[in-house]
Ligand SMILES: [Zn+2]
C-alpha cells in the first residue's frame with residue numbers, strides 16, 4: 001500500500017465487487033489505489049450543495065480536448081464546472097467514453113443467463129442514502145481502464161485494466177462533493193482479468 005502525501009481523513013479497503021459513497025470537502029484529495037492489480041474502478045460524483053449537478057463525461061472530454069484523461073486534467077460537471085482535478089496518476093490510462101457495466105448490458109452482450117449486477121447497479125445502491133436513484137447515475141469516469149479508439153473509430157471493449165498493485169490516481173475536489181466509487185464486479189469480460197479484487201479508497 002502506498003504512503004499518502006498528507007494526513008488521512010478516510011482510508012478504506014473496498015471489497016471486491018463493492019461500492020463506497022462518501023462526502024469530501026473542496027481541497028481534499030481522493031486516492032484510488034489498485035491493491036492486487038488489473039482491477040477497473042468506476043467513479044461518479046455529485047455537487048454536495050446541489051445533487052442535480054453531476055460528473056459529465058462528454059464535457060470532460062470536450063473541455064480537456066482529449067478522451068485520455070490523466071494528470072493535469074479536470075473532471076467537469078453537466079454544468080461545465082470543475083469538480084475534481086487529477087493531481088497524480090501513476091498508470092495514466094483512464095476512460096470517459098465507455099461508461100459502466102450493468103446487468104442489462106451483460107444481457108445484451110452475453111445473454112440473460114450469464115448476466116450479473118454491474119457497476120450501474122452498485123452506483124444505484126451507493127447513492128440511495130442521499131435520496132438519489134439509478135436514473136440519477138451519470139456515465140462514469142473509468143479508472144485504470146484501457147479502451148483506446150482504433151482506426152476508423154472502432155472501439156475495443158474487451159481489454160483488461162493494465163494497473164499493477166500500488167498504481168493509483170489522486171483527484172482533488174474542486175467543490176464539496178458526494179463521491180461514489182465501485183470495484184468493478186465484471187467477470188464475463190476481461191476488464192478485471194476475470195478476477196474482481198479489492199481496491200483502496202483514501203482521502204487526504
Ligand atoms: Zn463495471
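At a glance:
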| item | result |
| --- | --- |
| Residues (more than 19 Å from residue 105 (Cα to Cα) and surrounded by fewer than 13 Cβ atoms within 10 Å (Cβ to Cβ)) located in region 153-164 | 153 |
| Residues of region 19-35 that turn out to be in a loop (DSSP other than H, G, I, E, B) and within 15 Å of residue 143 (Cβ to Cβ), as a count | 1 |
| Residue match in region 79-86 (condition: farther than 18 Å from residue 45 by Cα, over 18 Å from the mean Cα position of the chain (by Cα), touching a residue at least 12 places away in the same chain (Cβ under 8 Å) and surrounded by fewer than 18 Cβ atoms within 10 Å (Cβ to Cβ)) | no |
| Residue match in region 32-43 (condition: surrounded by fewer than 19 Cβ atoms within 10 Å (Cβ to Cβ), more than 24 Å from residue 17 (Cα to Cα) and at pLDDT 95 or above) | no |
| Selection from region 111-129 of residues that are more than 17 Å from residue 186 (Cβ to Cβ) and under 15 Å from the mean Cα position of the chain (by Cα) | 127 |
| Boolean, residue 69 is buried (at least 20 other Cβ atoms within 10 Å of the Cβ), within 26 Å of residue 164 (Cα to Cα) and modelled with pLDDT of 95 or more | yes |
| Some residue of region 134-152 being surrounded by fewer than 22 Cβ atoms within 10 Å (Cβ to Cβ) and under 25 Å from residue 204 (Cα atoms) | no |
| Qualifying residue in region 21-39 (condition: more than 15 Å from the ligand (Cβ to nearest atom) and free of Cβ contacts under 8 Å to residues at least 40 places away in the same chain) | no |
| Pair list, Cβ < 7 Å and 6+ apart or interchain, from region 99-114 residues that are farther than 22 Å from residue 148 by Cα to residues that are assigned to a helix (DSSP H, G or I) | 103/121; 114/106 |
| Selection count, region 109-123, where residues are modelled with pLDDT of 95 or more and away from the ligand (no atom under 13 Å from the Cβ) | 0 |
| Residues being closer than 25 Å to residue 33 by Cβ and not in a strand (DSSP E or B) - total across region 74-101 | 10 |
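The values are calculated or read from the model by the stated rules, or taken from the named source; none is laboratory data. As the structure is a prediction and not an experimental result, all values here were calculated from the model. Note that each Cβ is placed from the backbone with ideal geometry, even for glycine, and that neighbours are counted across all protein chains shown.
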